[in-house]
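To start, the structure itself, in structure tokens.
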């Protein structure tokens, strides 16, 4: 694998920002790990962070680099602050950055597939919300989307004032506008998820998680609308022990093309 932290300028945000990127590399002589790659430009997973984190957190809290090494999968982890992946009412244009600017920049920096069947998005907590919102707003872009402990019913939490978000953060992002029925309401967006244009959806949440009820409501709404999805409700809390385990399940679930490792060189030194 190739790992890099990319510092770059965003026209959408009008500021310099960062992303962490993992790129696949075929290897066979690296002790303890073989790297795989697919034919042609690699598939890509956009992996989104939560409310209190940044683009480095998946790398620091999980073994994501090791998990994707044999899969031939590129992973792009952007930084969006506490924006809920939204064009903030009193802040910056993070939805525009994520959905319009970031994919184009990534393909200009790296060789990545732009085919729908090779493009995926996943995230945790705020990032789970962002992943589902992105996939449902732009279903033509993604083959699959996964949420781990996602904040999947913000409209309900806003209406009932039942959300553990600093009011100042909420005001910056959403202002005084309603979330229900808008493009920021993941439940309302389910009405767009129909027919062949629908990405596969995966929803996982621990039964001890404070967002468990949100996930139950989202899954119920999806089933009422006939939207199929893979559901994993099992014991777990809102923590990295749960997410480190579940991201492996997500990677196994993704419809990835087969990757191959480079043939071993019989003369290579395999001692460590």
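Values in this text are rule-based calculations from the coordinates and carry no lab data. Being a predicted model, the structure only gives us computed values, none of them experimental. Glycine also receives a Cβ, built like all others from the backbone with ideal geometry; neighbour counts cover every protein chain displayed.
Remarks
- Summary of packing: across the peptides 27-36, 245-254, the per-residue average of other C-beta atoms within 10 Å ranks them, highest first, as 245-254, 27-36.
- Computed FRET value (nearest 0.05) for residue 241 with residue 30, which takes r as the C-beta separation and R₀ as 25 Å: 0.35
- Extension gain for residue 210 to residue 89 (0.36 nm times residue separation, less C-alpha to C-alpha distance): 40.9 nm.
- Helix 240-253 axis, angle to the chain major axis (alpha carbon atoms, nearest 10°): 70
- Calculated from the structure at hand, P(r) over Cα pairs in 10 Å bins from 0, in percent is found among [x] 6, 27, 29, 21, 13, 4, 0, 0; [y] 8, 33, 40, 18, 1; [z] 7, 30, 36, 20, 6, 2, 0 as [z].
- Binned Cα-Cα distances of the stretch 169-209, short to long, each 10 Å bin given as a whole percent: 21, 34, 35, 9
- Peptides ranked, highest mean first, by Cβ atoms within 10 Å: ranges 10-21, 201-212: 201-212, 10-21
- Global geometry of the stretch 99-256, whether rounded, prolate or oblate, following the gyration tensor of its Cα atoms and the 1.5 cut on a/c: rounded
- Fully extending the segment from residue 4 to residue 107 would add 35.6 nm, taking 0.36 nm per residue of separation and subtracting the current Cα-Cα distance.
- Full extension of the chain segment joining residue 217 with residue 194 gains 6.4 nm, where the gain is 0.36 nm per residue of separation less the Cα-Cα distance.
- Taking the longest Cα principal axis of the chain as reference, the axis of helix 126-137 is set at about 90 degrees.
- Between residue 11 and residue 234, the distance separating the two model label sites (each 7 Å from Cα on the Cα→Cβ line) works out to 4.5 nm.
- Residue 56-residue 159 pseudo-label distance in nm [points 7 Å out on the Cα-to-Cβ vector]: 4.1
- Helix 212-224 axis, angle to the chain major axis (alpha carbon atoms, nearest 10°): 90
- The stretch 17-38 and the stretch 235-258 have Cα centres separated by 19 Å.
- Estimated FRET transfer efficiency (residue 171, residue 258; beta-carbon r; R0 45 Å; 0.05): 0.40
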